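The values are calculated or read from the model by the stated rules, or taken from the named source; none is laboratory data. Source: prediction; values computed, not measured. Virtual Cβ from ideal backbone geometry, glycine too; neighbours counted across all protein chains shown.
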Amino acid sequence: MPFDAILFDFDGVLVDSEPIHCDCWAQVLAPFGITLNWGEYRDRYLGMDDREMIRRLAAEADPPLAWDALWAQYPRKKELFQRRMEQPPFPGGLLPLLEGLQRKFKLAVVSSSARSEIEPPLIAGGLRHYFSALVTGGDAPRHKPAPDPYLLAARLVDARVPLVVEDSPAGIASGHAAGFEVLAVGNAAEMPRILLDRLSGGLPA
């Protein structure tokens with residue numbers, strides 16, 4: 001049965017913003033003695049809900065730190081991220097890809113990040129109108145790797161056979177748990193080519 005929708009993760013799929021998230025968190029957590037580098041963030045926290053990441057960092061600190069003290073830095077982290085994303089680094093092939101896909105598929109974004117970190121870059125990049133639904137952190141009862149975010153997105157766009165496009169272990173597990181096919185990509189720059197290959201290279205004329 002052909003796909004009737006494509007559900008995209010945001011960070012690392014539509015835009016390579018994960019290193020920016022890491023840099024912003026590293027900056028606000030440094031005063032607490034926490035060193036967060038890209039390798040650790042990529043291997044341990046990619047696709048994870050921010051609250052869960054902070055819980056783990058607080059518990060693993062030596063000595064352990066209060067979760068609420070670290071989480072209180074989130075507004076500052078969000079401010080830094082939004083400033084860095086005022087000119088979002090969307091790959092050049094993304095706009096023509098979405099232009100073609102929207103003629104045939106319903107499109108949605110499904111992310112663990114806050115809506116305030118997802119929607120403004122999409123608007124700034126002129127891409128928001130391609131997506132009929134956004135599912136962001138807090139919209140579903142449970143975060144990735146639970147199936148809830150992708151199940152919610154499928155309901156919102158009335159999709160029965162969606163294709164999930166993901167880059168993180170948590171996101172891939174979430175899509176599979178929802179019962180959907182998942183296309184794994186390494187980064188946003190290569191995503192258009194990999195997706196078109198999966199769709200047999202065909203966009204409607």
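Some notes on this structure:
- Residues of segment 4-58 classified as under 30 Å from Leu196 (Cβ atoms) and of a type in the set (S, T, N, Q), total: 1
- Any hit, segment 120-128, residues being surrounded by 15 or more Cβ atoms within 10 Å (Cβ to Cβ), free of Cβ contacts under 8 Å to residues at least 12 places away in the same chain and of a type in the set (D, E, K, R): yes
Yes/no matrix, rows are residues, columns are (1) within 17 Å of Phe8 (Cα to Cα); (2) touching a residue at least 12 places away in the same chain (Cβ under 8 Å); (3) of a type outside the set (Asp, Glu):
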| residue | (1), (2), (3) |
| --- | --- |
| Leu46 | yes, yes, yes |
| Ile54 | no, yes, yes |
| Ala58 | no, yes, yes |
| Ala66 | no, no, yes |
| Ala69 | no, yes, yes |
| Arg76 | no, yes, yes |
| Leu80 | no, yes, yes |
| Pro89 | yes, yes, yes |
| Leu107 | yes, yes, yes |
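- Residue match in segment 33-44 (condition: of a type in the set (Gly, Ala, Ser), more than 25 Å from Ala173 (Cα to Cα) and surrounded by 14 or more Cβ atoms within 10 Å (Cβ to Cβ)): no
- Count of residues meeting criterion [in contact with a Lys or Arg (Cβ under 6 Å, 6 or more places away or on another chain) and polar (S, T, N, Q)] in segment 137-196: 1
- Qualifying residue in segment 41-56 (condition: in a helix (DSSP H, G or I), in contact with a Gly (Cβ under 8 Å, 6 or more places away or on another chain) and outside the structural domain of Gly137 (by TED's automatic domain parsing)): yes
- Those residues of segment 27-66 which are in contact with a Phe, Trp or Tyr (Cβ under 6 Å, 6 or more places away or on another chain) and among the small types (Gly, Ala, Ser), in sequence order: Ala58
- Selection status of Pro147, touching a Ser or Thr at 6+ places or on another chain (Cβ under 7 Å) and over 14 Å from Ile6 (Cβ atoms): yes
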